[in-house]
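In what follows, a structure is listed as structure tokens, so that the remarks can point back to it.
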Amino acid sequence: MFLNYLNFLKPCILRSLISRKVWKLPRVILITLNIVLSVAVFFLCKSLNRYQESFRQTSLLRNWPIPKVEIEQFDARFMPEAQGPSKATEIVFIGGQGSVSDMEAWILCTFAKSSLNVFEFGTFAGKTTYLLAKNAPKKGKIFTLTLAPEGHSAYKASKGDNAKDTKSALHESIFNTFYYTNTPVASKITQLFADSKLFDESPYVGKMDLIFIDGSHAHSYVESDTQKALKMLKPGGVIFWHDYRGPNRVPGVFQTLNKLQKDLNLVHIAGTNLVAYKKP
Ligand SMILES: C[S@@+](CC[C@H](N)C(=O)[O-])C[C@H]1O[C@@H](n2cnc3c(N)ncnc32)[C@H](O)[C@@H]1O
């Protein structure tokens, strides 16, 4: 009976396939399916990208040589109280957009609270500078060094610097006035304009309690800024580097710090892109 039914259907199917009306229907369905599939593939790729980033951050796919520690392991002030975060880490704070994350700002500002002299490589818009100044003691001083928009010609890339790192260093050198300009804390801040390789660190040697290295992320600059910072740091002082984000995102910082880790006791602060060093 079924075969009979098929025999009856065959000419009908053929006829309808030949007729253009029926051909039109599958074409519309095919085009719609195509659009739906393309949109689905687009969103799938996007979310895979996000997962890939978080896999990298959790070191599942790549080798991140600098050991990860919780902030309270690095500094006892961050040890939580029974009911919540330690009050020793209370800071003045503005959330929202900025170059550093909220957690990174919290850590930097907690250290600024006990720092008479702070040095920042790379000011950008100056929001972190402002927060450092707001949280530093009354007599605290913040020195912040940046490349002026009209100073691009002083920038000297070296062999081995990643072109992407160099491009963003220049792309970010656009500010002449800053977030802290004309605020009450501006008097605590000394703005320095120079290419950091040409910057003479000798007046600051052995004086800094806290140094934040966040200038050009190209390998030769991170290396040069680090060598200067190590000379400028007081015993007991702390250096933080920003943007330890793995081999693909900011390669200059990743390579330089991984190399430096062979000689210095560096730690990667969990939940951040900060690497830290405390001078004995
Ligand atoms: C990532 S941004 C700094 C962000 C800032 N620390 C903050 O937390 O908002 C990098 C900064 O480094 C500066 N910079 C880039 N190359 C430099 C160089 N060769 N010498 C000095 N500063 C440089 C840029 O002008 C830019 O302000």
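Values as computed for the structure displayed
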read-out: Computed E for Ser168/Ser202 - FRET, C-beta separation, R0 35 angstrom, nearest 0.05; value: 0.75
read-out: Neighbourhood net charge (11 Å Cβ-Cβ; Lys/Arg +1, Asp/Glu -1) for Lys228; value: -2
read-out: Likely footprinting exposure, Ile66, Ile269, fewest C-beta neighbours within 10 Å first; value: Ile66, Ile269
read-out: Per-residue Cβ neighbour rank within 10 angstrom, fewest leading, His217, His171; value: His171, His217
read-out: nm² value of the averaged projected area, convex hull over the Cα atoms of region 64-278; value: 11.7
read-out: HN-Hα J in Hz across region 95-107 - Karplus 6.51, -1.76, 1.60, θ = phi - 60°, x for Gly and Pro; value: x, x, 4, x, 6, 10, 6, 4, 5, 5, 4, 4, 5
read-out: When region 170-261 is reduced to its Cα atoms, the Kirkwood hydrodynamic radius in Å; value: 14.6
read-out: Residue exposure sequence - Met208, Met232, Met79 - by fewest surrounding Cβ within 10 Å; value: Met79, Met232, Met208
read-out: Extension gain, Leu192 back to Ile35 (0.36 nm per residue minus Cα-Cα distance, nm); value: 51.1 nm
read-out: Region 193-208 versus region 79-128: alpha-carbon centroid distance in Å; value: 23
read-out: For region 102-201, the Rg and Dmax computed from alpha carbons only, in angstrom; value: 14.4, 43
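Read-outs throughout are calculated quantities, based only on the coordinates presented, and are distinct from any laboratory measurement. If you're wondering where the values come from, they're calculated on a predicted model, not measured in any experiment. Heads up, the Cβs are rebuilt from the backbone with ideal geometry, glycines too, and the neighbour counts pull from every protein chain shown.
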